[in-house]
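What follows draws every value from the coordinates through simple rules; no lab data is involved. Remember, predicted model here, so these are calculated numbers, not experimental data. Note that each Cβ is placed from the backbone with ideal geometry, even for glycine, and that neighbours are counted across all protein chains shown.
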Amino acid sequence: MKNVKFSIWYLPAALLLLLMVQSLFVAPRPVQVSYSELQDLTERNAIEKALITSDEIRFQLRPDFEVTGELGKKVDEAKGVVGSLASDRTITFVATRPPGLDVAPLVADLTKHHVEFSGEIADDFWRTLLIGWLLPFGLILLMWNFIARRMGGGGAAGALSFGRNKAKIYGEDDVEARFSDVAGIDEAKAELESVVSFLRDPAHFQRLGGRIPKGVLLVGPPGTGKTLLARAIAGEARVPFFSISGSEFIEMFVGLGAARVRDLFEQAKGKAPCIVFIDELDAVGKSRAGAGLQMGRHDEQEQTLNQLLVEMDGFDASKGVVLLAATNRPEVLDPALLRAGRFDRRIIVELPDRVGREKILRVHLKSVKAASDVDVDGIAARTPGFSGADLANLVNEAALLAAQKGAVAVETAHFLEAADRLMTGLERRSRVLRPEDKTLVAHHESGHALVAALLENSDPVTKITIIPRSIGALGFTMQLPTEDRVLMRRAELLDQIAILLGGRVAEELVFGDVSTGAQDDLERASQLARQMVCIYGMSEKLGPLSYGRRESAFLGEVLGRPQSASEATAVAIDEEVASLVRQSHARARQLLSERRRGLDRLAQTLESAETLEGEALTRALTDAKIRDTERLVA
Ligand code: ADP
Ligand code: MG
Ligand code: ZN
């Protein structure tokens, strides 16, 4: 019972609840009447039913009988505070039986007036105790227990401590993770190392007036080592480390999440320098504007989020509290969280490439008894799309497999078999590429890149990768604008459409078949074409007219059919859009079919390297640009 903290508010609340429940079960106080009053009421045919016991007669009145005068007053008194809940009908009257009195005449009277009566001796004390007190109390206990369980706490202790935050606190020496346990994500590691040096020596960094980042957000697909990285920081910085998962803030009761946030920061400030780590930040930080939130959760979440924002603004990073958070879903985060002064530093943690996978494998190989000649590079090559967690899993599976087969050490063959097994399991997650898909994606991305490199009005290609992304893309071609764009010329837009179609064209040329991988490209190309026609008046056929309005500041929202266009114009718009897309498609096809060999070579280079950038990319692109015909001449 370590965490018990009994808030003074729970007691009155429980009592109030008890009273309310009790009023439903306990009738008002019985009304005392004299024996003669009883006889009188019997005569007036007012009694509905009666119970005759050895020392008293209890009875109830007919619902239609109106009590007046002296008796009426007594009834009102008896109803008391909860009176409004009780009808006259539920009021019990009690007449004390004069000692030695024969009830035979009364019984005869009751019979005459058709009163339902019985003569059992009922011990009301126990009944009242049971129904009036024990039952409601039991119900409350049950409810409490239920709540406690929903809160994730165990039994009563959980219920009593639910206002407190559930952060796990690790002391300075409790965290064993080190940076050396994290491999293959070197850029993220390097960035975080600066945070560690700050925590070790804050004064050194503030010397020149620089501001320390308040919040560092780790973003990347699941299993890439975000949580591990955060723990490694804690281990390296040798400071207390508060760790809590975002979902633990959000509980059943409104206001509780906010209380937890407050509590967490309170504790952290007392232990500075320290690190507060919120894992799965998206659970708290979901955009307040976002639709589709569960009813009821909305308020709670908003309150929790607001509290988090307040606390983040309220603490001073120079005091040595660094807030670290991780998420798989940065796109759902509330923009307020990402503003300057909050999570002002973002660190992207990507799926590892082949070299990264090899390093991660080496880290995990230390924990199993592996043969000395394991082909680590070969295993890395066979596991495209595996995350760090997948690789850790792979090593473990291989060790189990080897043990099952009675081997003395884990051999390369065991790793490869484990990889195959995992792969079939992982494929359904659509993140891991089959070898033939990898080839296809390599050609698709090469298509985009080569078209982009060839067209004049496009930004330079800075990176091509076929490592699957969290956003669902299987590959990615990155172009970096040389300067900020405010205006886009028609020629630039047309080139952009051609580049978007380049991926699909490469598939057509190389495989004679097309895949679903181009869906996003096609969507964007069609939208761009539609915007050219409808918004920017860039179609010769339709002229410089605008047939719609951009509804958001971003290029990319889908345009509906323009409201102000006639049926004929709408048809013309559709035709013009289609024609723009088709022209660009033809252009991309022309460019790529002239360079079939170059395309193949680029794709091969990309397939084995998985990521091309910098010098290697320039070389590969320059080579791929050469026309097949020129190549023959040379
Ligand atoms: P995330 O928080 O990004 O979903 P985790 O940090 O929980 O991923 O990773 C789960 C496990 O996978 C780690 O405990 C570690 O064993 C392994 N792992 C993941 N990424 C790496 C990495 N980059 N280097 C070494 N091990 C890793
Ligand atoms: Mg995690
Ligand atoms: Zn594409």
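At a Cα cut-off below 28 Å, give the lysines reachable from K73, other chains included and same-chain residues fewer than 8 away excluded.
K49
Which value in nm describes the separation of the simple spin-label points at R434 and L101, placed 7 Å from the Cα toward the beta carbon?
Label at R434, label at L101, 9.6 nm between them.
From zero up to wherever the largest Cα-Cα distance of region 354-423 sits, split into 10 Å bins and tell me the percent of pairs in each.
23, 63, 14, 0
Once amide H atoms are built 1.01 Å from N in the peptide plane, which residues 5 or more positions from S245, or in another chain, come under 5 Å H to H?
Amide H neighbours of S245: D279.
Sort largest first and round to whole Å: the equivalent ellipsoid semi-axes of region 329-458, each the square root of five times a Cα gyration tensor eigenvalue.
34, 22, 14
If you place +1 on the Cβ of every Lys and Arg and -1 on the Cβ of every Asp and Glu, how big does the dipole about the Cα centre of region 577-634 come out, in debye to the nearest 20?
Values: 11 positive and 9 negative charges, 85 e Å.
That gives region 577-634 a dipole magnitude of about 400 debye.
For F117, list long-range residues whose amide hydrogen, built 1.01 Å from N in the peptide plane, is under 5 Å from its own amide hydrogen.
Correct list: A50.
Straight-line reach from K463: which aspartates and glutamates have Cα under 15 Å away, leaving out those fewer than 8 places along the same chain?
Partners within reach: E350, D353, E445, E607, E610, E613, E615.
Got the relative contact order for region 354-423 handy, in percent, Cα pairs under 8 Å and 6 or more residues apart? Could the numbers behind the result be given before it?
On the way: 76 pairs, mean separation 26.7, N = 70.
For region 354-423, the relative contact order is 38 percent.
Cross-link candidates for K189: which lysines have Cα within less than 16 Å, leaving aside residues fewer than 8 places away along the same chain?
Counting by Cα, and skipping residues close in sequence, K189 has these lysines nearby: K226, K359.
With each pseudo-label sitting 7 Å past Cα toward Cβ, what's the A381-K366 distance in nm, one decimal?
2.7
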